[in-house]
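These notes are about the structure you will find just below.
The values are calculated or read from the model by the stated rules, or taken from the named source; none is laboratory data. Worth saying up front: this structure is predicted, and the values here are computed from it rather than measured. Glycine gets a Cβ as well: all are built from the backbone with ideal geometry, and neighbour counts include every protein chain shown.
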Amino acid sequence: MSHLPPLAQPAPGAAAPIAPATVSPAPIGVPPAPAARRERGRSAPIWLFAILVVLLIALVAYILTFLGVVASVVGMVLALIPLAGVLVAVRLVDRWEPEPARLVVFAVAWGAIAAVAIALGVDILLEFLVPAGANDAARDAFSSVVQAPLVEEFAKGLGVFLVFVFARRAFDGPVDGVVYGALVGAGFAFTENILYFATSLIEGGPAETAFTFFLRGILSPFAHVMFTAVTGYAIGLAARRGATVGQAAGAGVLGALGGALLHALWNGSAVFADFFHLYVVLQIPLFIGFVVSIVALRREEARLTRARLGEYAAAGWFTPLEVDLLATPAGRRRALAWARTLPGDRTREMRVFIREATSLAAARQRTWTGRDPESVRDEHTALARTTSARAALLRP
C-alpha cells in the first residue's frame, strides 16, 4: 500500500482483487439498479423532507406576519442574487464527482429552513427568559458574538451530520463534506438575507436596503458558506477514515466550534472594531486561504481517482492514456474536445464515461478503506456501467 499525503488519510484496508479484463471489453448493457437499492444510503429519508415542509410553512407565516408581503418579496428577490452566485461556485467545486441531486436539495433546504428555525427558536426563547433591560448593549453584543455563532453553526452543522448519517455512501471525504457544508450555509444565508433586506427596507428605505445588500450580497456572500464548510470538512475527514456515527458526531462538534470561532470573529469585527479595516486585513486573506484549501482538496480527490483507476488499468480494464484522460482536469478537457470530433459529436457519451469511471473510483476507494460493506457490489455495478459507457463512446 502506497503512502498517502495528509489530506487523504483513509483508514487502512484491503480492497478485493480486481478480475483481469478481457482483451477488448464488449458492451454488456447493464440495466439500472432498482431505485430503492440504488438510493439506499445515498439520500435523506422522506420524513426529514416532511419535517422541512412543516417548518417552511411556519417560517413563511412568521416572516409574512412580522415583515409583510411587499418587504418579504423584495428581500427574497435580492437574496436570490448572492444565492445564485454561491450555488454556481459550489457547483464548480462539486463537478468532479457531483453529489446526488436529492441531497443537494436537502442540504440547501436544511440551511434555509431548519437551521433558521432553530436559530429563531433559540432567540425567541432567550428573549422570553431574559427580558430586555438596562444592559441591552451588552446583551446585543453577546447575541452577535457568542449566541449567534454557536447556535447557528451547530444548527447548520446538524444538517451536514444528518447527510452523513442517512447518506453515508454519498459522503466519501473532505470535498463532499465541504460541498454539503457550503450548501447548508448557502441556504441559511439566503433566508437570513431575506430577513435583513426586508428589515432594512422597512426601517431605512431603499438607501439602507442598498447598503445592506452591498455588505451581505457583495462583500460577504460566502461568509456562512465558509463557516459551515469547516464543519463539513471535519465530518468529511472522519468519513474518509471510516468513522462511526458517534465519531463523526465528535468531529462535527469540533468542526462546528471552529466554524463558530470564525463566525464570532466576523461578527465581532462589526461590533467591536472597524469592519472594513478587518475585512481587508483579515477576512480577505481568510477567503483566499479557503479557496486555496478547496483547490488542494480537489487535487487530492483527483489523485485518489487516478490511483484507484490505475488499479483497474493494471488489470487491463483501462489503458494508461484513458486513466490520464479520466482522472485529471486537463485530461478531461482533452477527452471532451476529442469526443466532439467523433461522428455525431459524442460529448454526451464522453461525459457519461467520465461520470461512471469517477463513480467506479469512488466505490473502489470505499472498498479500499473498508468503511462501506456495500461498496464491493457498488464497485461491480460501476465497473459494468463504465464498460458499457466506454463501448457506447467507441462504437463504430
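The condition of being buried (at least 17 other Cβ atoms within 10 Å of the Cβ) and either at negative phi or at pLDDT 90 or above (or both) holds for Ala363.
Among the residues of region 326-349, the ones that are part of a helix (DSSP H, G or I) and without any contact (Cβ under 8 Å) to a residue 24 or more places away in the chain come to 12 in all. Checking each residue in region 129-168 for being of a type in the set (Lys, Arg) and crowded, with 22+ Cβ neighbours inside 10 Å picks out only Lys156.
Only one of these is without any contact (Cβ under 8 Å) to a residue 24 or more places away in the chain, out of contact with any Leu (no Cβ under 6 Å at 6 or more places or on another chain), closer than 25 Å to Ile194 by Cβ and in a helix (DSSP H, G or I): Phe128, Phe106. Name it.
Numbers: Phe106 fails: without any contact (Cβ under 8 Å) to a residue 24 or more places away in the chain.
From the options Phe128, Phe106, the qualifying one is Phe128.
Condition check: more than 30 Å from Ala361 (Cα to Cα), buried (at least 18 other Cβ atoms within 10 Å of the Cβ) and at pLDDT below 95. Does Leu126 satisfy that? Outline the logic, then answer.
Working: more than 30 Å from Ala361 (Cα to Cα): yes; buried (at least 18 other Cβ atoms within 10 Å of the Cβ): no; at pLDDT below 95: yes.
So Leu126 does not fit the description; no.
Restricting to region 368-396, give me the number of residues that are among the small types (Gly, Ala, Ser) and not in a helix (DSSP H, G or I). Before the answer, list the steps.
Of all residues in region 368-396, those among the small types (Gly, Ala, Ser) come to 370, 375, 382, 384, 388-389, 391-392.
Add one more test, that the residue is not in a helix (DSSP H, G or I), and what stays is 370.
The number of residues fulfilling the criteria is 1.
For region 240-263, the criterion of a residue being at pLDDT below 90 and in a helix (DSSP H, G or I) is satisfied by at least one position.
Output the residue which, of all residues in region 272-285 that are modelled with pLDDT under 85 and surrounded by fewer than 16 Cβ atoms within 10 Å (Cβ to Cβ), is nearest to Val145 (Cα to Cα). Checking each candidate, the answer is Phe272. Within region 223-251, residues that are on the phi < 0 side of the Ramachandran plot have Cβ atoms under 7 Å from residues that are crowded, with 24+ Cβ neighbours inside 10 Å and not in a helix (DSSP H, G or I) in these pairs: Gly236/Phe171; Gly236/Gly173; Ala239/Phe171; Ala239/Asp172; Ala239/Gly173; Arg240/Asp172; Arg240/Gly173, counting only partners at least 6 apart in sequence or on another chain.
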